[in-house]
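Visitor: Quick one: the structure is below, questions incoming.
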Amino acid sequence: MKTLKRIALISLCLTVLSLPVGAGATSAAPATPVVKSAANGNGYVKVVWGKVTNASGYYVYRKTSGTSWARIATLKVNSTVSYADKTVKSGTAYRYTVRAYVGSTLSGYSSTGVVIRYLSTPMLKGVKNTASGPTVSWTKVTGASGYYVYRKTSSTAWAKVGTVKSGATVSFANTTAKDATTYSYMVRAYNGSYMSSYNATGLTIKAIMYVYYTPGGACYHLLTCPTIKKSKTITKGTVSAAKKAGKRACKDCKPPQ
Ligand SMILES: [Zn+2]
């Protein structure tokens, strides 16, 4: 009797073991998720992966240089294919990977995953007209190696107008602005190829561009232009005022128009 029971148990085990993978509802390992991207948001890193059809959910893992993978999130819905990690510090590089699960069965995972350096969004402090043009300022971002400054008008999209190549420099003068034109400015921090998110509204100002001219001269200039540098009487005025006085833009120093 005992022997028979044992034989029956062994044959049952053999039957289970010889079942093809996928035949049992809970034993089939889900496919390894494809981790697609990681992007900086305002206060978080968003990780995106591809949906795994037979998964019941996902585990998100993170690691930094010198640490091992740590599970940071459990997503219990198969159709949730992104996660916003809000426990990030500006300037730190994070690597993320994702495993799908069905019950207690885990998928494999990409050991490369995706990597990103989190950079917080520069907080825009103000924009004002200075002698060099509209000047925008912002708060320093920890871990930034520099900043990109973008500009738009009411009828154009954001376009890069300047690169500030130091993380410690937190203002930019837009010398290429046109007088009496209304612009919006916004700033993104960068470090290598990683960029912060940005304030989509930006800060808006009507540019007043200042130029320099002499009573007798036909043109208006930048203050650095050799043409007027030695003149005794130099008038500083807006482009509009210079034009009203009958001056035109100097072709050598290319002052604002
Ligand atoms: Zn000139």
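The values are calculated or read from the model by the stated rules, or taken from the named source; none is laboratory data. None of the values given here were measured: they were computed from a predicted structure. All Cβ positions, glycine included, derive from the backbone under ideal geometry; neighbour counts span all protein chains shown.
Visitor: When only residues in segment 109-135 that are surrounded by fewer than 17 Cβ atoms within 10 Å (Cβ to Cβ) and of a type in the set (D, E, K, R) count, which is farthest from Ala39 (Cα to Cα)?
Guide: Lys128
Visitor: Do we have Ser166 as surrounded by 14 or more Cβ atoms within 10 Å (Cβ to Cβ), of a type outside the set (Phe, Trp, Tyr) and in contact with a Gly (Cβ under 9 Å, 6 or more places away or on another chain) here?
Guide: When the stated conditions are applied, Ser166 does not pass them.
Visitor: Which one of the conditions (1) over 17 Å from Gly43 (Cβ atoms); (2) in a strand (DSSP E or B); (3) not hydrophobic (A, V, I, L, M, F, W, C) does Tyr83 fail to meet, given that it meets all the rest?
Guide: All conditions pass for Tyr83, except number (1).
Visitor: If you take the residues in segment 229-257 that are aliphatic (A, V, I, L, M) and in a loop (DSSP other than H, G, I, E, B), which one is nearest to the ligand (Cβ to nearest atom)?
Guide: Ile234
Here's the yes/no breakdown for (1) surrounded by fewer than 16 Cβ atoms within 10 Å (Cβ to Cβ); (2) within 30 Å of Lys206 (Cβ to Cβ); (3) at pLDDT 95 or above:
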{"residue": "Ala25", "(1), (2), (3)": "yes, no, no"}
{"residue": "Ala38", "(1), (2), (3)": "no, no, yes"}
{"residue": "Val48", "(1), (2), (3)": "no, no, yes"}
{"residue": "Ser68", "(1), (2), (3)": "yes, no, yes"}
{"residue": "Ser107", "(1), (2), (3)": "no, no, yes"}
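Visitor: Continuing with this model, one more query. With the requirement that a residue be basic (Lys, Arg) and more than 19 Å from Thr176 (Cβ to Cβ), what does segment 120-149 give you?
Guide: Once the filter is applied, which keeps residues that are basic (Lys, Arg) and more than 19 Å from Thr176 (Cβ to Cβ), segment 120-149 yields Lys125, Lys140.
Visitor: Of all residues in segment 199-221 being within 16 Å of the ligand (Cβ to nearest atom), in a strand (DSSP E or B) and of a type outside the set (A, V, I, L, M, F, W, C), which is nearest to Asn42 (Cα to Cα)?
Guide: Selected residue: Tyr210.
Visitor: Name every residue in segment 148-198 that is among the β-branched types (Val, Ile, Thr) and in a loop (DSSP other than H, G, I, E, B), in order of residue number.
Guide: Selection gives Thr153, Thr156, Thr169, Val170, Thr175, Thr176, Thr181.
Visitor: Taking the conditions exactly as written (under 21 Å from Thr135 (Cβ atoms), of a type in the set (Ser, Thr, Tyr) and either outside the structural domain of Thr176 (by TED's automatic domain parsing) or part of a loop (DSSP other than H, G, I, E, B) (or both)), does Thr224 satisfy them or not?
Guide: So Thr224 passes the test.
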